[in-house]
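Chemist: Before I ask anything, let me first share the structure, which is written out below as structure tokens.
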Amino acid sequence: MPETMASPFSMRRADVPIGKLTRHRVDTSWLLKDSGERDVYLYKPHARGPFPLLVVYDGTDYLQHGRLATIVDNLIADRRIRPIAMALLQNGRSRRSLEYFGSDATIAWLDREILPLARQHIRLVNIKEQPGAYGVLGASAGGIMSMYTALRMPEIFGRALCQAGVYSLYGRDFAAVDLVRHQHACDIQLWMDAGRFDDLLEDNRRMVRLLEERSYNVTYREFSGGHNYTAWRDDVWRGLEVMFPFAR
């Protein structure tokens, strides 16, 4: 795209320590009602904990196409962000829209399966001592689900990164929009971005206006790009810097 520039953090560097990435199988039979188990990847940075946790919707896509683990490794090494842990979730494929368009079943699955798994394997920040210290990230349908997660679980997820989120469908707003209208959990911190060639650009602009009118803490950025992981890969580092700044 015109004026675009590749992320300086998406390429692996020989001098940067690599975080540990592990694969786990997690039950989905009860809450998500699919085949029974699903892959979840946990990322532990090459640093000493405790760490805040970032939950990533469409996490396998962010790993493969968004190079997210490499980006986080480089940001930590350059002291652009504090060391963070990640739980990268596989979506439900054909069930993705059911799980991401404002699903309380997904919220319960996070609470029952994902958070205990992450605590078991990684030394995390004590959320009771630091409420809202964790974050959640997603793009497109994962973007609205990220915002919904923070609105529904602000005591845990006080930070949401929403890349090119879908805030309405066929002229009807999702539940997250109504929660914002009623100023629910207005202390959360939000990062939103969208490409100027993205079909969802106007929907994102409308959502930003509503958030600002309701006095939410939102940072919004537009860039030269479309609706794809190349665009999100090259901009996500900016949101991570805002949400998890390095303490100097």
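The values are calculated or read from the model by the stated rules, or taken from the named source; none is laboratory data. Computed from a predicted structure; not experimentally measured. A quick note on method: Cβ atoms are made from the backbone with ideal geometry, for glycine too, and the neighbour counts reach across all protein chains shown. These area figures cover heavy atoms from the full protein model, side chains too; ligands, DNA and RNA do not enter into them. Shrake-Rupley method; radii C 1.70, N 1.55, O 1.52, S 1.80 Å.
Chemist: What FRET efficiency comes out for Arg12 versus Arg93 if R0 is 30 angstrom and r is the Cβ-Cβ distance? Round to the nearest 0.05.
Modeler: According to the calculation, E is roughly 0.60.
Chemist: What share of the DSSP beta bridges in the chain is antiparallel, in percent to the nearest 5?
Modeler: Just about 35 percent of them are antiparallel.
Chemist: In addition: Could you list the GluC sites (Glu not before Pro) in the stretch 65-141 that lie in coil according to DSSP, counting only those with at most 16 other Cβ atoms within 10 Å of their Cβ?
Modeler: Loop-located and lightly packed - Glu129.
Chemist: Please list Asp187, Asp104, Asp198 from largest to smallest accessible area, probe radius 1.4 Å, with all protein chains kept in place. Show your work: numbers first, answer last.
Modeler: Details: Asp187 145, Asp104 75, Asp198 10 Å².
Accessible-area ranking of Asp187, Asp104, Asp198, largest first: Asp187, Asp104, Asp198.
Chemist: In nm, to one decimal, how far is the Leu21 label point from the Gln130 one, both placed 7 Å along Cα→Cβ?
Modeler: Simple spin-label model gives 2.5 nm for this pair.
Chemist: Another question, then. Sequence neighbours fewer than 8 away in the same chain don't count; with that in mind, list the lysines whose C-alpha is under 19 Å from Lys44.
Modeler: Lys20
Chemist: Taking loop as defined by DSSP and a crowding limit of 16 other beta carbons within 10 Å, which trypsin sites (Lys or Arg not before Pro) in the stretch 159-204 fit?
Modeler: Of the trypsin sites (Lys or Arg not before Pro), the ones in loops of the stretch 159-204 whose Cβ has at most 16 other Cβ atoms within 10 Å are Arg196.
Chemist: Continuing with the same structure: How many Å² of accessible area per residue for the stretch 63-194, probe 1.4 Å? Please report the intermediate quantities before stating the final value.
Modeler: Details: 5270 Å² over 132 residues.
Value returned for the stretch 63-194: 40 Å² of accessible area per residue.
Chemist: Next question, about the same structure. Please go through the stretch 44-89 and write out the trypsin sites (Lys or Arg not before Pro) that DSSP classes as loop and that have at most 12 other C-beta atoms within 10 Å.
Modeler: In loop regions of the stretch 44-89 (DSSP not H, G, I, E or B), the sparsely surrounded trypsin sites (Lys or Arg not before Pro) are Arg48, Arg79.
Chemist: Rounded to the nearest 10 Å², what accessible area does Ser94 have for a 1.4 Å probe in the complete protein model?
Modeler: 110 Å²
Chemist: Roll a 1.4 angstrom probe over the protein heavy atoms and tell me the percent of accessible area of the chain that is carbon or sulfur.
Modeler: For the chain, the apolar C and S fraction of the accessible surface comes to 47 percent.
Chemist: Which lysines have a Cα less than 19 Å from the Cα of Lys128, not counting those fewer than 8 places away in the same chain?
Modeler: Cα-Cα hits under 19 Å: none found.
Chemist: Per the helix-only calculation at 222 nm, which mean residue ellipticity applies to the chain, given -39500 (n - 2.57) for every DSSP H run of n ≥ 4 and division by its residues, nearest 500 deg cm²/dmol?
Modeler: -9000 deg cm²/dmol
Chemist: Label points 7 Å out from Cα along the Cβ direction at Tyr170 and Asp34: separation in nm?
Modeler: Taking the two extended label points, one gets 2.3 nm.
Chemist: Under the 0.36 nm per residue contour assumption, what length would be gained going from the current alpha-carbon distance of Asn228 and Val242 to full extension?
Modeler: Gain on extension, Asn228 to Val242, equals 2.9 nm.
Chemist: For the stretch 174-185, what does the Karplus curve 6.51 cos²θ - 1.76 cosθ + 1.60, with θ = phi - 60°, yield as ³J(HN,Hα) per residue in whole Hz, taken in order and with x for Gly and Pro?
Modeler: These are the phi-based 3J(HN,Hα) values: 7, 4, 4, 5, 5, 4, 5, 4, 8, 6, 6, 6 Hz.
Chemist: Shifting gears a bit: Take the alpha carbon atoms of the stretch 41-72, find their center, do the same for the stretch 232-248, and report the distance between the two centers in whole angstrom.
Modeler: Cα centroid of the stretch 41-72 versus Cα centroid of the stretch 232-248: 13 Å apart.
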